[in-house]
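Heads up: the structure comes next, in structure tokens.
The values are calculated or read from the model by the stated rules, or taken from the named source; none is laboratory data. Please read all numbers here as calculations on a predicted model, not as lab measurements. Neighbour counts are summed over all protein chains in view; Cβ atoms, including those assigned to glycine, are modelled from backbone coordinates with ideal geometry.
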Amino acid sequence: MAADNFGYSDDEFWSNPLKETDGRLPEPGIYLGAPKAVALGERTTLPAEVRRSVSLRDSIAVPFKRYALLHAVDLLSNRAYARYAVDQDNAVYPEVNAADLNEVAPAKTLTPFLLDVRERLDLPWRPAELLLTVTLRDKISNRCKVTLGAGASAYEDPAVAEYVEKKRAKLPAPRPFPEPGDPLPAYVPVDGSPPPPKQPGIAISAERVVELKDGATCIVRGSFLLPVGKTDLVPPEDGERHTAVINIHFVLTGADHPSPVVRTVRAPVYGKAEVGKPSAGHFAFDLLSLFTPPERTETYFLYVFSREVVEGPQPFAFVGRDVLPAETA
């Protein structure tokens with residue numbers, strides 16, 4: 001359904017958004033469409049359309065406007081963005097009564113939503129290759145690639161391109177973050193580390209349920225096989241053990257309080273690293289050292305992004321005193 005951007009031309013995302021569908025309901029899911037290219041000098045917005053196919057009951061119980069998140073990854077810089085898909089200022093969502101939900105007809109619905117990606121994510125309006133995604137709890141959409149550029153008719157000055165490359169070459173090499181510790185964070189295999197994926201991807205192992213008590217930890221162990229970008233490389237003359245550093249973005253969203261928490265780990269590669277080719281590595285860290293959840297019981301969904309790769313959702317439950325037996329709380 002969304003593979004062809006709903007049949008839209010690029011121009012129609014601005015001139016004729018939310019046009020009529022053929023009336024057929026697709027399989028349940030979240031479908032995303034966006035223009036393939038945006039001319040920065042001619043456009044001031046980046047429109048995207050989301051269509052949610054779901055039961056009428058679920059559309060009421062879990063409204064898109066309250067729970068959906070919009071994500072973007074810049075494929076060149078490997079920078080990530082994540083925010084609510086819909087502005088939450090002054091939004092009020094009445095609580096839904098379970099008895100009322102039981103009275104909802106067993107129907108299905110297809111609801112469209114028009115988003116301005118630039119406004120929602122506060123994107124820098126400059127050349128970029130973006131990969132867009134929408135999530136809603138443990139549901140994830142297809143992904144759309146959008147090129148922000150000068151436009152087909154714009155003049156390209158090779159001298160300017162050469163100058164920019166020279167400036168980029170003078171930027172300091174990336175460094176691992178958080179810095180390796182003893183024993184954590186670690187960027188080598190540790191007990192419980194999953195083996196690296198055989199295809200580009202990220203593998204994660206972690207405790208499913210963690211009690212929020214003094215000294216609590218939530219150790220995330222992971223491995224990856226990820227494409228190396230030009231900006232990831234560490235020059236040999238720097239004398240570092242690692243040959244590249246790759247950004248891996250961890251996005252946590254609560255099942256009931258979905259405001260996204262984004263944490264970026266810059267993971268070193270100790271083996272051979274070549275631009276455009278995948279390199280393997282490991283990471284292990286205490287999630288609770290990067291993220292402090294409220295002291296209430298809630299399930300979170302973890303999505304992990306790095307350029308074209310996305311993994312998740314990985315569910316975590318943090319258990320607080322609000323649900324524990326009184327004698328153990």
> If you take the residues in region 276-322 that are outside any strand (DSSP E or B) and of a type in the set (S, T, Y), which one is nearest to L233 (Cα to Cα)?
Replying inline: S289
> Just checking, how many residues over region 244-262 are surrounded by fewer than 19 Cβ atoms within 10 Å (Cβ to Cβ) and of a type in the set (S, T, Y)?
Replying inline: 1
>> Take the conditions over 22 Å from P28 (Cα atoms), modelled with pLDDT of 85 or more, touching a strand residue (DSSP E or B) at 6+ places or on another chain (Cβ under 7 Å) and surrounded by 15 or more Cβ atoms within 10 Å (Cβ to Cβ) and apply them to L115. Does it pass?
In response: no
> Is there a residue in region 267-288 that is hydroxyl-bearing (S, T, Y) and under 17 Å from the mean Cα position of the chain (by Cα)?
Replying inline: no
> If you go through region 118-152 one residue at a time, how many are of a type in the set (A, V, I, L, M), surrounded by 14 or more Cβ atoms within 10 Å (Cβ to Cβ) and modelled with pLDDT under 95?
Replying inline: 0
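Conditions (1) without any contact (Cβ under 8 Å) to a residue 12 or more places away in the chain; (2) crowded, with 19+ Cβ neighbours inside 10 Å; (3) part of a loop (DSSP other than H, G, I, E, B); (4) of a type outside the set (K, R), marked per residue:
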{"residue": "T231", "(1), (2), (3), (4)": "no, no, no, yes"}
{"residue": "H242", "(1), (2), (3), (4)": "no, yes, yes, yes"}
{"residue": "T264", "(1), (2), (3), (4)": "no, no, no, yes"}
{"residue": "G271", "(1), (2), (3), (4)": "no, no, yes, yes"}
{"residue": "L324", "(1), (2), (3), (4)": "no, no, yes, yes"}
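Tell me yes or no: at least one residue of region 112-126 is assigned to a loop (DSSP other than H, G, I, E, B), under 30 Å from A154 (Cβ atoms) and either of a type in the set (K, R) or not assigned by TED's automatic domain parsing to the domain that holds L25 (or both). Break it down into steps so the answer makes sense when it comes.
Taking region 112-126 first, the residues assigned to a loop (DSSP other than H, G, I, E, B) are 122-126.
The next check asks that each one be under 30 Å from A154 (Cβ atoms); those that pass are 122-126.
Subsequent filtering for residues that are either of a type in the set (K, R) or not assigned by TED's automatic domain parsing to the domain that holds L25 (or both) retains 126.
Yes, some residue in region 112-126 is assigned to a loop (DSSP other than H, G, I, E, B), under 30 Å from A154 (Cβ atoms) and either of a type in the set (K, R) or not assigned by TED's automatic domain parsing to the domain that holds L25 (or both).
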> Are there any pairs, at least 6 apart or on different chains, whose C-beta atoms fall under 7 Å, with the first in region 6-30 and part of a loop (DSSP other than H, G, I, E, B) and the second β-branched (V, I, T), and if so, which?
Replying inline: P28/V54
> If you go through region 25-38, how many residues are over 12 Å from T111 (Cα atoms) and modelled with pLDDT under 95?
Replying inline: 1
> In region 273-300, how many residues are closer than 14 Å to C218 by Cα and either buried (at least 21 other Cβ atoms within 10 Å of the Cβ) or small (G, A, S) (or both)?
Replying inline: 7
>> Out of V160, V228, I need the residue that is within 24 Å of G312 (Cα to Cα), of a type in the set (V, I, T) and not assigned by TED's automatic domain parsing to the domain that holds R51. Which one?
In response: V228
